[in-house]
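What follows is a set of notes on a single structure, which appears directly below.
Please treat every number below as a calculation from the coordinates, not as lab data. As the structure is a prediction and not an experimental result, all values here were calculated from the model. All Cβ positions, glycine included, derive from the backbone under ideal geometry; neighbour counts span all protein chains shown.
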Amino acid sequence: MLPISIGLSRCLLGDAVRYDGKGKYSETCSDLFNKTFSLYPICPEVEAGFSIPRPAIELVQHASGIKIIGRDDKQLDVTEQLNNYCDNKVLSLGFLSGYIFTPRSPSCGFASTPIKSIDGETVFHHSGVFAQALLNKYPTLPVIEEPNLSSLLAMLRFQLQVISYYVIHHSKAPQPSADLVEGNVTLDLILQNEMSMENKMSEVNELFRKMNAKQLHEQLMKLKTQLNDK
Ligand code: SF4
């Protein structure tokens, strides 16, 4: 296992923490990622003090901003409780190098959560309140919604982004050696360049975007070997 921690929505491990008392088991997270990274599961709604099961909530656009309201009980307003938890929790998550989210959740969705009007119509999609708080605090953190891990390319890219983020953001992380990528732009050159962390992650993402599955897999194997050897 690599010395790298990634967060994930706790229900993806199959834990029965959802509003309906069920889990949302992901074999990819529970098997593959659990063997590669140290997983840090979080259920924002449970940690914020909500029960299991609990009334379903949704995000509703009001004139004063987005409120977190009961789906069936419109008098239920947990906006302050959940937002306060999220704003405080993300302060302690600087050790993470990536995050896997459950789609469409009012807490954990990443750009897929429906935002409703007061009349109950979906007006647009946005991130859930925990996902948004995390990204506000760590804007370059690699994140993905679990269903996208079923694409081999996306899954390989995400792992490489996580490892690169770890190397860039955690100064004691072992630096990869010089032969990681053939070509004019190499991963080690990007990582060792003096540019800002934001620009480094942007260049890294662009580099991985141009690679096919075979190249991504080769890079991943090299990086895993190097990090495990240090
Ligand atoms: S709040 Fe997040 S972790 Fe908890 S059940 Fe909902 S999607 Fe899963």
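Listed values, structure above:
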{"quantity": "Angle in degrees between helix 79-89 and the longest Cα principal axis of the chain, rounded to the nearest 10", "calculated": "20 degrees"}
{"quantity": "Fraction of antiparallel bridges per DSSP, region 5-145 only, in percent to nearest 5", "calculated": "45 percent"}
{"quantity": "Farthest positive-ward along region 5-145 dipole, Cα basis, beta-carbon charges - from ILE68, LEU32, ALA16", "calculated": "LEU32"}
{"quantity": "Rg over Rh, two decimals, the chain (C-alpha only, Kirkwood Rh)", "calculated": "1.01"}
{"quantity": "Nitroxide proxy distance, nm - points 7 Å out along Cα→Cβ at ASN193 and ASN136", "calculated": "3.1 nm"}
{"quantity": "CYS43 long-range amide H proximity, modeled H, under 5 Å", "calculated": "ARG10"}
{"quantity": "Among 52-64, 152-164, the order from most to least packed when residues are scored by Cβ within 10 Å on average", "calculated": "152-164, 52-64"}
{"quantity": "Charge dipole (the chain, unit charges on Cβ, about Cα centre) - positive-most of SER105, MET211, MET195", "calculated": "MET211"}
{"quantity": "For peptides 72-85, 37-50, sequence by mean Cβ density within 10 Å, most packed first", "calculated": "37-50, 72-85"}
{"quantity": "Unit charges at the beta carbon, dipole of the chain: most positive-side option, MET221, LEU160, VAL78", "calculated": "MET221"}
{"quantity": "In Hz, Karplus ³J(HN,Hα) per residue of region 142-151 (6.51, -1.76, 1.60; θ = phi - 60°; x = Gly, Pro)", "calculated": "x, 9, 7, 8, 3, x, 6, 6, 6, 8"}
{"quantity": "Gained length - MET1 relative to ARG71, 0.36 nm times residue gap less alpha-carbon distance", "calculated": "21.1 nm"}
{"quantity": "Relative contact order computed over the chain (Cα-Cα under 8 Å; 6+ residues apart), in percent", "calculated": "16 percent"}
{"quantity": "Peptide ranges 98-106, 14-22 listed from the most packed, as the mean C-beta count within 10 angstrom indicates", "calculated": "98-106, 14-22"}
